[in-house]
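I have placed the structure first, in the form of structure tokens, so that the comments after it can refer back to it.
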Amino acid sequence: MASLGAGQQLSRKRGAGRSSPVERRNLLTVCRFSVKTLLDRSCFETIDDSSPEFINFVSILEHVFSHRLKGHTTWFGYESPRSFWDYVKAACSKVPHNCIRSIESMENVRSSRAKGRAWIRVVLMEKRLSEYVSFALKDFKTTRRFYEEGAIMLGEEAGLLADTLIGLNTIDFSFCLKGEGLDGSCPAVIDYTPYLKFTQSTDSISSDEEEMRTLGSSGSESSTPEKTATAASIFTEQSNLVSKCKRFEQKYRLALEQKGYLEELVRLREAQLSEAVSHNKALQQSLADAHLSHTLEKQQLEFIILELQNQLTVLKNNDLRSRQELTAHLTNQWPSAAALDGNAVALDTLLYRKSAEQWKEQSFQSLEQLSADMSLSQSSLGPSSTSGLEPRPAGTRWPHQGKEETPSLRGLCGSLTSVTSYKSLTSLKSSECLASPATEISSPGVTPS
């Protein structure tokens with residue numbers, strides 16, 4: 001039993017491994033056939049919602065987009081079915097001038113499947129279905145997030161599918177987005193009968209001819225051999241002509257489809273080339289403008305640098321000249337050290353003599369006034385008061401009324417300038433204003449008290 005179960009499981013795996021590529025190949029082949037039938041039908045009538053070729057194409061495209069699409073995992077770990085509209089909304093949201101927002105805002109379209117069908121119709125009318133599919137395939141991370149391994153959207157055939165859909169840009173579609181085709185409750189069913197054609201081989205045709213000959217010979221015993229040969233030759237020629245006509249018609253249709261596809265592809269490539277050429281011209285023009293502005297700015301900066309260098313040179317020369325003139329002026333204005341010593345001694349002597357003369361004059365005046373006051377007091381007081389003028393013994397002081405006893409002040413002597421401060425003449429390099437010693441000698445600022 002165990003071996004039987006293992007064998008059944010192995011057979012199931014083999015069947016699943018075979019069914020996936022077969023299903024993928026069948027869908028891609030049927031999709032190419034449906035595109036061709038749409039192109040043929042568009043040559044004679046307008047394609048709308050009621051066209052059976054379009055209904056079959058939309059069903060095939062839904063099966064292609066839903067092939068091995070992952071389900072939506074809920075909080076409880078269950079997977080609910082998901083529509084391809086979720087993938088289109090995530091992968092094509094960055095397409096320039098996309099129609100996703102307008103489809104989301106449609107009132108009569110609510111379910112996810114209905115929105116996906118509305119999106120197919122809108123992009124077909126805009127002639128941008130191939131552009132949307134190519135843009136979605138470039139977002140490989142999003143595609144892997146929505147599809148399982150072995151899906152058509154993850155295979156190399158997806159790029160061929162996008163190229164096949166370019167031919168639909170030649171068709172002018174006209175749809176009504178409020179019809180029954182947008183009903184999300186109806187599943188998409190593919191009709192394979194228009195694409196099931198039996199092609200008779202040459203061996204089968206020859207065997208049929210031999211059977212017809214035998215039947216003709218047995219049924220017409222009275223007929224001559226010449227008539228039988230003539231009828232057989234005519235039948236053979238007719239069958240050959242019919243088969244040749246069918247082959248030529250098939251080749252003609254194939255060539256016509258390839259021609260339409262190549263014309264659309266060439267038109268798309270020409271548009272891309274013209275856009276690239278215009279973009280290249282704009283880039284070259286911007287590069288030339290940037291180079292010209294850079295050259296002008298460089299020249300202006302060089303001129304400014306030269307002007308600043310000239311101004312700096314002039315300022316340096318002026319500064320050096322002013323320093324030299326100031327040093328020469330101070331050197332010529334300042335007297336020598338010997339003259340400064342003589343001037344200082346003369347100033348000290350002059351100040352000392354002046355203060356001494358003033359002190360003598362004040363002392364003489366005070367003595368004369370004192371003797372006059374004493375004589376007046378003796379005359380007024382009489383002989384009885386003379387006893388108060390007797391000399392006092394040594395060590396006693398005369399009382400002063402209203403004045404404190406202070407020692408006698410001598411006049412201040414000396415020079416206001418120091419000879420040693422003028423000896424470091426060469427060390428003075430600042431622009432401070434120095435007073436001339438001659439002015440100090442001629443007008444001393446100290447007076448004796």
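A compact table of results
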quantity	calculated
Residue check, E357 at pLDDT below 75, in a helix (DSSP H, G or I) and open to solvent by 60 Å² or more (accessible area, probe 1.4 Å)	yes
Residues (open to solvent by less than 100 Å² (accessible area, probe 1.4 Å) and within 23 Å of N169 (Cα to Cα)) located in the range 264-290	E264, L265, V266, L268, A271, Q272, S274, A276
Helices (runs of 4 or more DSSP H) enclosed by the range 101-178 - at least 2 residues per element that are of a type in the set (S, T, Y) and at pLDDT 90 or above	129-138, 140-146
Residue in the range 79-91 that is buried (at least 17 other Cβ atoms within 10 Å of the Cβ), under 41 Å from the mean Cα position of the chain (by Cα), among the hydroxyl-bearing types (S, T, Y) and at pLDDT 85 or above present	yes
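A quick yes/no check of all residues on (1) in contact with a strand residue (DSSP E or B) (Cβ under 9 Å, 6 or more places away or on another chain); (2) open to solvent by 80 Å² or more (accessible area, probe 1.4 Å); (3) under 30 Å from N169 (Cα atoms); (4) at pLDDT 80 or above:
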| position | (1), (2), (3), (4) |
| --- | --- |
| I205 | no, no, no, no |
| T236 | no, no, no, no |
| K259 | no, yes, yes, yes |
| E297 | no, yes, no, yes |
| Q300 | no, yes, no, yes |
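The values are calculated or read from the model by the stated rules, or taken from the named source; none is laboratory data. These numbers were taken from a predicted model, which means no experiment stands behind them. With ideal geometry, Cβ positions are generated from the backbone for all residues, glycine too; neighbour counts draw on all protein chains shown. For the accessible areas, the whole protein counts, side chains as well, though only heavy atoms, and no ligand, DNA or RNA atoms are used. Shrake-Rupley method; radii C 1.70, N 1.55, O 1.52, S 1.80 Å.
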